Amino acid sequence: MQKMTDCYQLNNGVRIPVVGFGTWQTPGGETAVSAVKEAIKAGYSHIDTAAFYGNEESVGQAVKESGAKREDLFITTKLWNSDHGYEATLKACAASLERLRLDYLDLYLIHWPNPLRFRDQFEKINAETWKAMEELYKSGKTKSIGISNYKPHHIGATLKNAEIVPMVNQIRLYPGFTQEDTVRRCKDEGILVQAYSPLGTGSMLEVKELRELAEKYHKTVAQICLRWSLQMGFLPLPKSVTPARIRENADIFDFELSAKDVQDLASMKNYGGAGFDPDTSSF
Ligand code: A2P
């Protein structure tokens with residue numbers, strides 16, 4: 001991995017740029033439009049959004065205004081919890097495409113495995129939802145399909161009925177929070193792991209262990225976190241609305257962490273909390 005446009009290969013052969021631009025908590029409107037345009041200018045070709053983020057329209061506008069060619073971009077969005085089930089999934093994808101002003105997605109993810117609304121019948125609804133995802137893939141509405149926030153038992157339940165193995169699982173990952181069981185299961189099944197909140201939603205920035213490494217490598221804490229994510233074999237999705245940080249987060253290809261430092265960061269104390277548990281969340 002030497003530059004932003006280098007790619008991982010998904011289990012269906014599709015190539016996916018090794019760093020994506022995150023947009024969770026980026027408000028729709030001018031903020032999102034200018035952040036995404038800034039990111040494309042800085043060399044990101046991979047943009048990650050979701051129906052739930054409320055900024056798909058702005059991402060679509062930024063993509064158009066950037067002048068980038070569609071085939072040079074990799075665009076992901078996600079199915080929200082209210083839209084699980086076969087028909088609802090097909091409809092939700094069409095609505096996302098319209099908001100994004102796109103003919104096809106590069107990656108469509110089920111955002112959460114176990115929405116509160118369907119919790120008493122998780123396996124059944126999840127299987128129907130995945131069936132629709134397979135349909136969207138076969139019809140070309142999306143070049144690849146995957147899951148997000150799935151733990152091993154959700155992955156197992158999905159695979160029981162699946163015709164197509166998910167290409168990606170997008171989960172919360174940063175130094176000190178490594179979700180080893182889920183990562184191992186994904187590796188065993190050939191599912192690429194994407195890392196959201198690679199800076200612990202900002203909580204890594206003041207961590208002493210990371211500040212020491214930043215000094216040692218003459219890089220910033222954010223860059224250490226992102227480089228660690230890459231060297232763990234993850235695909236980090238850093239979010240920022242600040243032009244200088246957007247550029248800083250792309251400047252992670254001129255150094256390498258030692259194997260020991262990668263390991264030490266993996267086993268470091270978790271300073272960033274654990275996020276939501278998909279089986280007990282209130283949404
Ligand atoms: P902002 O968007 O205001 O620039 P994560 O990607 O883990 O969710 O972290 C996102 C948070 O980290 C946001 O609050 C973002 O702020 C901040 N952030 C992103 N990149 C950097 C950076 N290079 N240096 C400091 N803070 C950053």
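Can you confirm whether residue 73 is in contact (Cβ under 8 Å) with a residue 24 or more places away in the chain, among the aliphatic types (A, V, I, L, M) and under 27 Å from residue 280 (Cα atoms)? Against the criterion (in contact (Cβ under 8 Å) with a residue 24 or more places away in the chain, among the aliphatic types (A, V, I, L, M) and under 27 Å from residue 280 (Cα atoms)), residue 73 does not qualify. Residues in the range 166-202 that are touching a Ser or Thr at 6+ places or on another chain (Cβ under 9 Å) and either away from the ligand (no atom under 15 Å from the Cβ) or open to solvent by 50 Å² or more (accessible area, probe 1.4 Å) (or both): 166, 167, 168, 169, 193. Which members of the range 243-282 meet the condition of being more than 13 Å from the ligand (Cβ to nearest atom), of a type outside the set (S, T, N, Q) and part of a loop (DSSP other than H, G, I, E, B)? Result: 253, 254, 255, 256, 257, 268, 269, 274, 276, 277, 278, 279. Residue count for the range 87-123 under the criterion of being assigned to a helix (DSSP H, G or I) and open to solvent by less than 30 Å² (accessible area, probe 1.4 Å): the result is 7.
Of the residues 6, 48, which is charged (D, E, K, R) and crowded, with 21+ Cβ neighbours inside 10 Å?
Just a single option satisfies the conditions, and that option is 48.
Report, by residue number, each residue of the range 207-256 that is hydroxyl-bearing (Ser, Thr, Tyr) and either open to solvent by 20 Å² or more (accessible area, probe 1.4 Å) or in contact with a His (Cβ under 9 Å, 6 or more places away or on another chain) (or both). Within the range 207-256, 217, 220, 242 meet the criteria. The strands (runs of 3 or more DSSP E) located wholly in the range 1-51 that include 1 or more residues which are under 19 Å from residue 65 (Cβ atoms) occupy 46-48. Would you check if residue 37 is surrounded by 15 or more Cβ atoms within 10 Å (Cβ to Cβ) and basic (Lys, Arg)? Answer is yes for this residue. All conditions but one from (1) open to solvent by less than 10 Å² (accessible area, probe 1.4 Å); (2) of a type outside the set (S, T, N, Q); (3) in contact with a helix residue (DSSP H, G or I) (Cβ under 6 Å, 6 or more places away or on another chain) apply to residue 18; the one that does not is (3).
Here residue 150 fulfils each of the conditions (1) assigned to a loop (DSSP other than H, G, I, E, B); (2) touching an Asp or Glu at 6+ places or on another chain (Cβ under 7 Å) apart from (2).
Got a number for residues in the range 217-242 being in contact with a helix residue (DSSP H, G or I) (Cβ under 9 Å, 6 or more places away or on another chain), part of a helix (DSSP H, G or I) and either under 21 Å from residue 6 (Cβ atoms) or more than 9 Å from the ligand (Cβ to nearest atom) (or both)? Summing the residues that are in contact with a helix residue (DSSP H, G or I) (Cβ under 9 Å, 6 or more places away or on another chain), part of a helix (DSSP H, G or I) and either under 21 Å from residue 6 (Cβ atoms) or more than 9 Å from the ligand (Cβ to nearest atom) (or both) in the range 217-242 gives 8.
The values are calculated or read from the model by the stated rules, or taken from the named source; none is laboratory data. Everything numeric in this text was worked out from a predicted model, so none of it was measured. When we count neighbours, we look across all protein chains shown, and the Cβ atoms used for this are built from the backbone with ideal geometry, even at glycine. With ligands, DNA and RNA removed, areas are computed over all heavy atoms of the protein, side chains included. Shrake-Rupley method; radii C 1.70, N 1.55, O 1.52, S 1.80 Å.
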